[in-house]
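Quick note: the coordinates plus some simple rules give every number you see, no bench work behind them. Treat the numbers as computed from the prediction; the structure is a model and nothing was measured. Cβ placement follows ideal geometry from the backbone for every residue including glycine, while neighbour counts extend to all protein chains displayed.
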Amino acid sequence: MEILFIIITLIITAFLNAFIKRKLVIEFFSIIAFSVALFESVVIALKVSISGIYSPFVFFSVDSLGVIVMLIIACVGFIATIYSIQYLRQETAKGIIGFTRVRQYFVLLNIFMTAMFLSITANNPVFAWIFIEATTLSTAFLISFYNKPSAIEAAWKYLIINSIGLLLGFFGTILYFTSVSSLGENGFVSWESLLANATHLDPLIAKIAFIFVLIGYGTKVGLVPMHTWKPDAYSKTPNPIGALLSGALLPVAFIVILKFKNLTDMAIGPQFSQNLLIIFGTLSIAVASLIMFNNKNYKRLLAYSSIENAGVMALGFGFGGLAIFATTLHLIYHSLVKGVMFFSSGNLLLKYNSDKINNIKGALDVVPFTSILFIAGFLIVTGVPPFGIFLTKMQILSVGIEINPIITIMALFFMTLVFIGFLKHITSMFFSQKPEDIEVGEGNIWLIIPPMILLIIIIVLSFYIPPFLLTLINDVVSHY
Amino acid sequence: MNILNLQFLLEIVFGTIIFLHITKKNFEAALSYGLQSLMISVMLFSSFFETSNVSLLFIALLVFIVKVILAPVFFIKLIRQHALMFSVSTYLNTPLTLIIIATLTFFAHSPKFAPLTGIIQANQALLSLALASMFLSLFLIINRKGALSQIIGILSLENSIVAFTIFAGLEQSLMLQFGIMFNIFIWLIIAIIFISMIYRYFGTLNVTTMNNLKD
């Protein structure tokens with residue numbers, strides 16, 4: 001029932017927001033809806049940690065990995081909503097947007113969240129596809145939110161590239177249905193029934209299907225070379241949505257790939273899918289690190305960081321074994337830290353009115369709390385000790401060095417390059433001389449608290465993993 | 001419906017995609033997509049007559065309403081609203097485009113794709129043609145500079161996948177088909193809104209003019 005409660009609450013809130021004429025009420029309803037989603041997600045997570053699976057109806061099923069991503073969506077979504085309220089108020093005060101835009105934002109945000117929750121819980125691959133496509137449709141207008149030519153261009157690229165990718169993913173999805181001789185009850189084929197029949201899948205069809213799925217959903221994840229929409233979309237969308245695209249949508253699409261990987265592995269063994277994930281993962285890390293070095297826009301920098309981390313995750317699941325534990329943790333850390341970075345970069349944008357790295361000078365003097373948050377985010381995301389991502393990257397690489405030393409050394413080299421490239425921009429933005437004409441001081445405390453909460457969660461999780469979460473991660477290791 | 005009739009319908013689908021590559025007028029492209037979708041809905045209607053499965057009839061009707069009527073009507077309204085009579089050019093010239101079309105068609109019929117086209121042995125030729133239609137639709141999206149052509153290319157790709165699923169016996173249940181059609185309908189509306197926005201902001205549907213975003 002919990003999942004239905006989440007979905008119904010979000011849908012009703014989206015519907016109500018579309019008609020409410022008072023901004024305060026829209027904000028209040030959204031906070032309530034996302035609180036409900038967070039609370040119910042925790043309840044579901046506890047249930048899954050005990051029983052291994054949550055499936056209240058035939059249409060919904062969540063396993064351990066699904067519920068981890070569900071928690072991420074709920075947590076980042078809730079914090080993003082709190083941040084969005086103040087962020088949009090500041091933009092309204094500056095005359096960048098009006099009430100209609102704010103209303104549109106919260107309607108689309110609720111629809112986007114609904115689509116993500118449904119994608120993650122759908123017990124049928126085609127349903128999962130439908131809802132992932134729905135995330136594209138709900139976010140397209142959030143990317144073109146500011147109605148500038150560059151935003152329209154970014155949204156168009158996003159719509160076209162993702163639609164093509166998802167159609168190819170759909171074709172791959174359909175091919176997996178060749179393993180089931182007839183459709184199940186009411187024509188419903190669940191992930192479980194596909195897994196049970198996966199051994200009947202023709203090996204060559206399994207290979208072709210996985211390639212299509214990896215290209216299709218990999219587009220949504222942002223794996224190279226299907227990543228081209230990502231820097232454009234991330235740089236043009238409002239910052240809280242950037243946090244959700246990177247922190248929540250990326251794992252949602254990734255999880256679908258992993259579910260299909262399971263089916264493929266059952267049909268032809270793990271070698272094929274692992275090799276593909278390693279290739280795409282390494283390519284993503286390499287390309288992102290090279291482009292990040294000469295980046296001119298800090299929001300695009302965050303997009304390339306997401307591509308790099310998607311590559312790390314692909315590499316981790318490609319290596320398999322012990323790396324899966326580390327990769328699952330990496331997925332959690334990355335989602336949370338991207339929230340910190342997108343929110344603090346939103347504060348920079350509000351202060352400097354520019355997303356160009358060259359226009360941000362002396363930020364540490366101008367917005368000290370925001371700067372500390374952004375720098376902490378940089379240290380975490382690039383894998384500096386003692387934060388969790390350092391350990392996850394090291395663990396993935398230590399597994400990799402036994403399986404494929406050349407790829408692992410290459411990955412390590414490019415990860416180092418990411419750190420150097422990022423550091424170069426950080427130095428220029430935060431440790432330089434501040435402009436004379438800029439007013440010193442943070443915008444509002446509610447622009448600081450949301451990223452601060454996420455940062456505290458990451459630091460805690462770097463040193464202590466709650467038992468229920470540990471159970472879930474161990475369960476992921478045994479199933480993926 | 002016998003296999004020859006089905007083959008004829010699929011050949012029309014394939015032909016419409018080639019026509020989409022060649023035509024220079026948006027109005028003709030919209031009509032061509034309508035014709036292509038009509039063939040898909042006829043295939044679904046024929047499946048209904050063969051199996052007496054009422055859900056297939058419902059799906060066929062849904063396809064007919066959304067793809068054969070609504071989509072072309074939306075496109076034609078858009079073309080008239082913005083006087084977009086002529087589509088913008090292609091990246092490759094016509095002879096080169098035709099050479100690539102031939103190559104892709106040959107490629108789809110090659111033994112490399114035998115596992116896909118052999119899902120149902122009796123339909124191997126049809127599956128190869130559906131696969132070729134998919135490749136050509138993808139090429140259409142890549143080769144065309146016009147936003148409207150790109151949208152039609154994506155919808156054509158979706159039609160080709162539907163044709164493939166019909167001949168591979170992989171049609172989905174009514175509920176899933178309804179979900180897919182609903183998605184496509186919403187996608188269509190959003191894409192058309194974006195086309196209007198592109199025209200308003202850039203004064204053309206030529207996507208090569210959209211070059212604000214670079215690293």
Average beta carbon contacts from partner chains per residue of B:188-196, 10 Å cutoff: 3
Other protein chain Cβ atoms within 10 Å, averaged over every residue that makes up A:153-162: 5
Amide proton proximity set for A:ASN297, modelled H, under 5 Å, gap of 5+: A:ILE357
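If I take every Cα pair under 8 Å that is 6 or more residues apart in chain A, average their sequence separation and divide by the length, what percent do I get for the relative contact order?
For chain A, the relative contact order is 16 percent.
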Per DSSP, loop trypsin sites (Lys or Arg not before Pro) in segment A:49-131 with at most 11 further Cβ within 10 Å: A:LYS94
Vicinal HN-Hα couplings computed from phi for segment B:106-113 (Karplus, 6.51 cos²θ - 1.76 cosθ + 1.60; Hz; Gly/Pro x): 4, 4, 5, 8, 6, x, 4, 9
Longest DSSP-loop-exposure-free segment, trypsin sites (Lys or Arg not before Pro), chain B, at most 16 other Cβ within 10 Å: B:25-213
Neighbour-limited loop hits for GluC sites (Glu not before Pro), segment A:360-462 (at most 14 other Cβ within 10 Å; DSSP other than H, G, I, E, B): A:GLU436, A:GLU439
Net charge of Cβ neighbours under 12 Å - reference B:LEU20; Lys, Arg +1; Asp, Glu -1: +2
Packing rank of A:20-29, A:470-479, A:39-48, where each peptide gets the mean count of other beta carbons within 10 Å, highest leading: A:39-48, A:470-479, A:20-29
Max mean-square fluctuation residue, GNM over chain B, Cα-Cα springs under 10 Å, options B:HIS82, B:HIS109, B:HIS21: B:HIS82
Long-range lysine pairs (8 or more apart or interchain), chain B, Cα under 16 Å: 4
Per-residue ³J(HN,Hα) for segment B:194-209, Karplus 6.51 cos²θ - 1.76 cosθ + 1.60, θ = phi - 60°, Hz, x for Gly and Pro: 5, 4, 4, 5, 4, 5, 5, 8, 10, x, 7, 9, 6, 6, 6, 6
Reachable lysines, given that their alpha-carbon falls under 17 Å from the alpha-carbon of A:LYS47 and they are not under 8 places away in the same chain: none
Three-way shape label, segment A:349-480, alpha-carbon gyration tensor, a/c 1.5: oblate
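Pairs A:LYS361/A:LYS393; A:LYS220/A:LYS338; A:LYS393/A:LYS424: which exceed 23 Å Cα-Cα?
Correct reply: A:LYS361/A:LYS393.
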Within 10 Å of each Cβ in B:172-179, the average number of Cβ atoms from other chains: 6
Average Cα contact separation per residue, segment B:1-159, under 8 Å, 6 or more apart, as relative contact order %: 28 percent
Within segment A:47-81, chymotrypsin sites (Phe, Trp or Tyr not before Pro) in DSSP loop having at most 15 other beta-carbon neighbours inside 10 Å: A:PHE57
Under-5 Å amide H pairs with B:PHE86, H placed in peptide plane, nonlocal only: B:ASN26
Under the span-like rule (Cα at least 30 Å along the axis, Kyte-Doolittle mean at least -0.5), DSSP H helices of chain A: A:23-51, A:64-93, A:99-121, A:149-176, A:271-293, A:298-319, A:323-352, A:405-430
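So if each residue of separation counts as 0.36 nm, and I subtract the Cα-Cα distance between A:ILE403 and A:THR228, what length gain in nm does that give?
Values: separation 175, 0.36 × 175 = 63.00 nm, distance 3.00 nm.
So the extension gain works out to 60.0 nm.
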